[in-house]
1. What residue, among those in segment A:204-230 that are more than 26 Å from residue B:137 (Cβ to Cβ) and among the acidic types (Asp, Glu), is farthest from the other protein chains (Cβ to nearest Cβ)?
2. Check off (1) basic (Lys, Arg); (2) under 30 Å from residue B:111 (Cα atoms); (3) more than 12 Å from chain A (Cβ to nearest Cβ) for residue B:348 and give me the number that stays unchecked.
3. Return the pair list, or none, for Cβ contacts closer than 8 Å from residues in segment B:57-76 that are among the basic types (Lys, Arg) to residues that are part of a helix (DSSP H, G or I), at least 6 apart or on different chains.
4. Would you tally the residues in segment A:47-61 being more than 18 Å from residue A:91 (Cα to Cα) and within 13 Å of chain B (Cβ to nearest Cβ)?
5. Within segment A:187-199, is even one residue among the charged types (D, E, K, R) and without any contact (Cβ under 8 Å) to a residue 60 or more places away in the chain?
6. Does residue A:237 satisfy the criteria of being hydroxyl-bearing (Ser, Thr, Tyr), touching a residue at least 24 places away in the same chain (Cβ under 8 Å) and either surrounded by 15 or more Cβ atoms within 10 Å (Cβ to Cβ) or farther than 26 Å from residue B:325 by Cβ (or both)?
7. Select the strands (runs of 3 or more DSSP E) contained entirely in segment A:61-169, then report the ones holding at least 3 residues which are of a type in the set (Val, Ile, Thr).
8. For the condition within 23 Å of residue B:132 (Cβ to Cβ), in the same structural domain as residue B:399 (by TED's automatic domain parsing) and among the aliphatic types (A, V, I, L, M), what is the one hit in B:304, B:249?
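The values are calculated or read from the model by the stated rules, or taken from the named source; none is laboratory data. Every value quoted in this text rests on a predicted model; they were computed, and no experiment measured them. Here the Cβ positions follow ideal geometry from the backbone for every residue, glycine too, while neighbour counts run over all protein chains shown.
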Amino acid sequence: MAESALRFVSIYPMLLGTYGDGGNLRVLTMRARARGYEIEPIELDAGEPVPSVADLYLLGGGEDDAQVAAVRTLRTDGGLARAVDAGAVVFGVCAGYQLLGKEFPGSNGVLEPGLELLDVTTSRLPKRAVGELLAEPVVGESLTQPLTGYENHAGGTRLGTDARALARVRAGVGNGVDGVEGAVQGRILGTYLHGPGLARNPELADLLLSWVIGSPLPPLDLADVEALRTERLSAVTPR
Amino acid sequence: MRLRAATSLGRLAGGLSRTLGRGDGFVIGGRVVLATCPDAFRQLVAGRRVAFVSATNGKTTTTRLLAAAMGAAGPVVTNTSGANMPAGLVAALARPQPGIPPSAPAVLEADETYLPGLLPATSAPLLVLGNLSRDQLDRVGEVAMVARRWRSIFAATPGVSAVANADDPHVAWAAGVIPNVTWVSVGNTWTADSVLCPSCGAILRRDDRDWSCACGFRRPEVAWRLDDGDVVTPDGERHPLQLHLPGTANQANAVMAVVAADALGVPPSVSVPAMSSVVSVGGRYQTVNLGGRRVRLLLGKNPAGWAEMFGMLAPAPAPVVIAINARAADGKDPSWLWDVPFEKLADRFVVATGERRHDLAVRLTYADVPHVTVEDPWTTESAMPAEVGSPGAHPLDAVGTYTAFRELLRRGGGANDG
């Protein structure tokens, strides 16, 4: 692999990949390559050391026990925290979003400390949130299109002062606190959007890529992606 | 008396549903029976030996094969249409079956989430437990949750016995509380849902079919196994399977059925030949006429099922039609499509259809698989894209999720043969 290749690391997809989130790595890799960038995608087996010099890290959704196993391994390893200090981009979905925060309910609801890379705290929702999620982005001019995805989680996630909301919920639950969805803090982005989220929201994928590359990317219109977005947006009734 | 009145009403509702063209009338009949007589299931299985077949994948086929095996030795009742929730089971048991005594054993396919609710109504049932993997996560929940529910109800069911797949750690853990288990090794091609030890949460060590954990939990000692297309008995006797169903997953289903039949008193010398009569299960692998061509129907409902699918398809460059729905019975979240290695289809042409064809099309786009979306490619011969070619000597393969598959079966006039 050439020196110039960008390295995208999927963290423990066997633990954090229950809901097809492995697709996010594929989407980012293909979209970056389509713009002429050389990408080295890396999928880490559980327990493999996390390289601290990669450009982008992905964490997906997973079951409670798997989430706890992942966070404990990551804390001991320390590689992800070092990468964040060095300015890496991190994208966490669902369980992967929660474990980036301060704490979350783990196995049997027992509170588990998170990695404290994102200023959010997760507690148990009274009722599991399952279904289509539609949200209007509020992070600025870089996101203009509605965010669409599927959520399946029992976590209510409260933002601390250092984190900003990603979007305002139009249908579904999202964070389940203050009517917002997701969190952004520096170059770390967390969300409850499965689908996978980056397959259904190419603008979000390109936002992450622009953080890695340091400048906006040229458009990449894929007809099938637009058709899926049109179909999914018409399938939900916004409030 | 209440049960008899209820079953009459159920037949009436079923007949009405068929007459109105609202379905095959089977499940609605069962719902009516249950509404009129909530205790119907207990009464209908009273006095019978009951075997429940449950798993994420293969339960319909295993049920069908076990019923065929048992049928070689005497009358048997079974729910052969894949209607595996309580109403479907009640409907199967309540329909009139001339010549079948009320004491005939029942071979029942049970949905993995409904199995716990059915156990207390039966006396000393035999459980036939295949595998657990991710499927319909919106309804069923995560795999570890299903295994936990199984384990606690198995522990609370006196007299229960089991034939269980030792190669699946979740199944081994759930069935481990049952004193009388016959452990079987049939393999487990999909291991992504059993990375962690179900007992302690640590990462499992794996070596082919074998697995173990540092906490001491390990694969149980196996009595029967599938080896290179043969059933191998505890005494080392080999019985070559004589199946007319394709793929290694069906060999695994057949071995589970052979061992279950043996536990119910029917030896392999009887059960193995009897299972060769099964050529299609609930319409799977059937060839029907659709849109002016011959089409072979395949069911592909989750990543574990798809892991076996690529080997069953006609060889490349044969095109394939894939129909994706996301109704309640399919699971409402089709993001599992990203867990299927569709890159393997890169040297074929794919027609994406079904209500969620756009989800599939995006997946195929990022997998570099040539494809097109068509709302309904079966209306006329010309509705099918030219890339598929004209109807030839070989049937076209069409793979569907559960409801998409059922729709193709219905439109093609295929038989729902159990």
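1. Taking segment A:204-230 as the starting set, the residues that turn out to be more than 26 Å from residue B:137 (Cβ to Cβ) are A:206-207, A:209-223, A:226.
Imposing the further condition that a residue be among the acidic types (Asp, Glu) reduces the set to A:206, A:221, A:226.
Working: A:206: 14, A:221: 12, A:226: 9 Å.
Once the filter is applied, the top-ranked residue is A:206.
2. Unmet condition: (2).
3. none
4. Keep residues of segment A:47-61 that are more than 18 Å from residue A:91 (Cα to Cα), which gives A:47-49.
Checking which are within 13 Å of chain B (Cβ to nearest Cβ) leaves us with A:47-48.
Residues that pass the stated criteria total 2.
5. Applying the first criterion (among the charged types (D, E, K, R)) to segment A:187-199 yields A:187.
Within this subset, residues satisfying the condition of being without any contact (Cβ under 8 Å) to a residue 60 or more places away in the chain are none.
No; the residues of segment A:187-199 include none that is among the charged types (D, E, K, R) and without any contact (Cβ under 8 Å) to a residue 60 or more places away in the chain.
6. Judged against the criteria, residue A:237 is not a match.
7. Numbers: elements: A:89-93, A:103-105, A:111-113, A:120-137, A:147-159.
Output list reads A:89-93, A:120-137.
8. Details: B:249 fails: in the same structural domain as residue B:399 (by TED's automatic domain parsing).
The match here is B:304.
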